[in-house]
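What follows is one structure encoded as structure tokens, with my remarks underneath.
The values are calculated or read from the model by the stated rules, or taken from the named source; none is laboratory data. In this text the structure is predicted, and so the values were computed from the model without any measurement. Counting neighbours? That spans all protein chains shown, and the Cβs are built from the backbone with ideal geometry, glycine included.
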């Protein structure tokens, strides 16, 4: 009989691999940017201010649009034992930020594990192995996995959607997608519509059954978010409805920049999928089982392309499904590698995988250097004793600009704050 440790490694080897990569990214690039500010601040306030809602940051700095607290509450609940230990050991608060980010990464990977198990059950162990290979050598999915963005919170639910979709549980898939749409990202409606239409066409659901399920789940989700967020925002509120109105109806998101309609297909997907991009396209032609799974996701991106403001993170939820198609293509090429034509494809595939690995390393190094303001603030903390104890310093002036929020500088609650230096530091916030 194999020892328990061997069984554990055999059962969770893929999770350990992906988890190690996710943890590496989080520890090497611990700082956050302005897009993550709401959930970072919300998790800090939940963990440290707890029931004292009047002290919560969002009441003074609400942001452009309100966001839900549900994701922050869930992650904070799971991270609270680790944060308690950090506080008992009197460790810097930056470790609290790492704790909540690692916990979020574990949640993402647990949902990805569910999807992966369904891949193994439906397509076999080899497809599962290629799925892990492709995922591990891609940068953006695992790098974003610990980033407390609404898109990543929605990704957790979408991974469950994909898993139940492969499992044949169409009603469960719809329920999770409605949950993601109403609570975390209203743009998931663009995936819900084509997916629901496909379910109706292939008759995996009935119209009236789906209507009752959708209305019931939608009302529960609206009730949940309105109840929780109205308490924490101190006003009657459905956050994602405000986001939908601001971004889609008023089209105000375009104020943050625009891209041409083809940008997702010519820039975002090639960068996020790397070798998986040509393999995913090939998989659609090599296996007829793939198209029904890929088509609604492609429709989601096509519909999303109509919105002028585009970012890679907006379509990050499409990556797991496209990786499935790519893994099926890679498996077909591998199984036929002894044949002349397929041998050439096999060599090309190996080359693409190596290039992808190289691109991921380069992208990581670029991202590591992309938080210069965070490192500058860390250096300011490192020299704190100069300000506190030197008789030559009576007051130090620190200037920072709104631009620095995009390079890792945050007056963040998780350790990188300047409050410890008062009254020796005067902060000047300049907006151009």
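Regarding residue 119, is this residue part of a helix (DSSP H, G or I), in the same structural domain as residue 175 (by TED's automatic domain parsing) and either out of contact with any helix residue (DSSP H, G or I) (no Cβ under 6 Å at 6 or more places or on another chain) or modelled with pLDDT under 95 (or both)? No. Where helices (runs of 4 or more DSSP H) fall wholly inside the range 132-217, the ranges with 2 or more residues that are more than 13 Å from the chain's Cα centre (by Cα) are 150-167, 170-179, 189-201. Scanning the range 38-55 for residues that are surrounded by fewer than 20 Cβ atoms within 10 Å (Cβ to Cβ) and in contact (Cβ under 8 Å) with a residue 24 or more places away in the chain turns up 48, 53.
What are the residues in the range 56-74 that are surrounded by 22 or more Cβ atoms within 10 Å (Cβ to Cβ) and in a helix (DSSP H, G or I), if any? Even if it seems obvious, please write down each step before you answer.
First, pick out the residues of the range 56-74 that are surrounded by 22 or more Cβ atoms within 10 Å (Cβ to Cβ): 67-69, 71-72.
Result: 71, 72.
I need the full set of residues from the range 311-368 which are under 26 Å from residue 155 (Cα atoms) and either in contact with a strand residue (DSSP E or B) (Cβ under 6 Å, 6 or more places away or on another chain) or outside any helix (DSSP H, G or I) (or both), in order please. Correct list: 311 only.
If you check residue 30 against the conditions, is it within 28 Å of residue 245 (Cβ to Cβ) and not in a helix (DSSP H, G or I)? Considered against the rule, which asks whether it is within 28 Å of residue 245 (Cβ to Cβ) and not in a helix (DSSP H, G or I), residue 30 comes out as no.
Would the range 12-25 turn up any residue that is over 18 Å from residue 239 (Cβ atoms) and at pLDDT below 90? Outline the logic, then answer.
Start the filter on the range 12-25 by keeping residues that are over 18 Å from residue 239 (Cβ atoms), which leaves 12-25.
Remaining after also requiring at pLDDT below 90: 12.
Yes, there is a match, as at least one residue in the range 12-25 is over 18 Å from residue 239 (Cβ atoms) and at pLDDT below 90.
Could you list, ordered by first residue, the pairs with Cβ atoms under 6 Å in which the first is in the range 322-348 and assigned by TED's automatic domain parsing to the domain that holds residue 123 and the second is not in a helix (DSSP H, G or I), at least 6 apart or interchain? Close Cβ pairs satisfying both conditions: 325/290; 328/287; 328/290; 342/336; 343/337; 346/337. The combined condition, being surrounded by fewer than 18 Cβ atoms within 10 Å (Cβ to Cβ) and within 17 Å of residue 141 (Cβ to Cβ), is fulfilled by residue 366. For the range 386-404, the count of residues that are touching a helix residue (DSSP H, G or I) at 6+ places or on another chain (Cβ under 9 Å), closer than 30 Å to residue 275 by Cα and either at pLDDT below 65 or in the same structural domain as residue 79 (by TED's automatic domain parsing) (or both) is zero.
Scanning the range 233-253 for residues that are surrounded by 14 or more Cβ atoms within 10 Å (Cβ to Cβ) and part of a helix (DSSP H, G or I) returns 233, 239, 240, 241, 242, 243, 244, 246, 247, 248, 252, 253.
With the requirement that a residue be modelled with pLDDT under 95 and surrounded by fewer than 24 Cβ atoms within 10 Å (Cβ to Cβ), what does the range 175-188 give you? Of everything in the range 175-188, just one residue is modelled with pLDDT under 95 and surrounded by fewer than 24 Cβ atoms within 10 Å (Cβ to Cβ), namely 186.
Evaluate the following for residue 115: is it more than 30 Å from residue 327 (Cβ to Cβ), in contact (Cβ under 8 Å) with a residue 24 or more places away in the chain and buried (at least 20 other Cβ atoms within 10 Å of the Cβ)? Don't jump to the end; show me each part of the working.
On the way: more than 30 Å from residue 327 (Cβ to Cβ): no; in contact (Cβ under 8 Å) with a residue 24 or more places away in the chain: yes; buried (at least 20 other Cβ atoms within 10 Å of the Cβ): yes.
So residue 115 fails the test.
Taking the range 73-98 on its own, how many of its residues are modelled with pLDDT of 95 or more and under 19 Å from residue 33 (Cβ atoms)? Of the residues in that region, 1 qualify. Against the numbered list (1) touching a residue at least 60 places away in the same chain (Cβ under 8 Å); (2) surrounded by 18 or more Cβ atoms within 10 Å (Cβ to Cβ), residue 295 comes up short only at (2).
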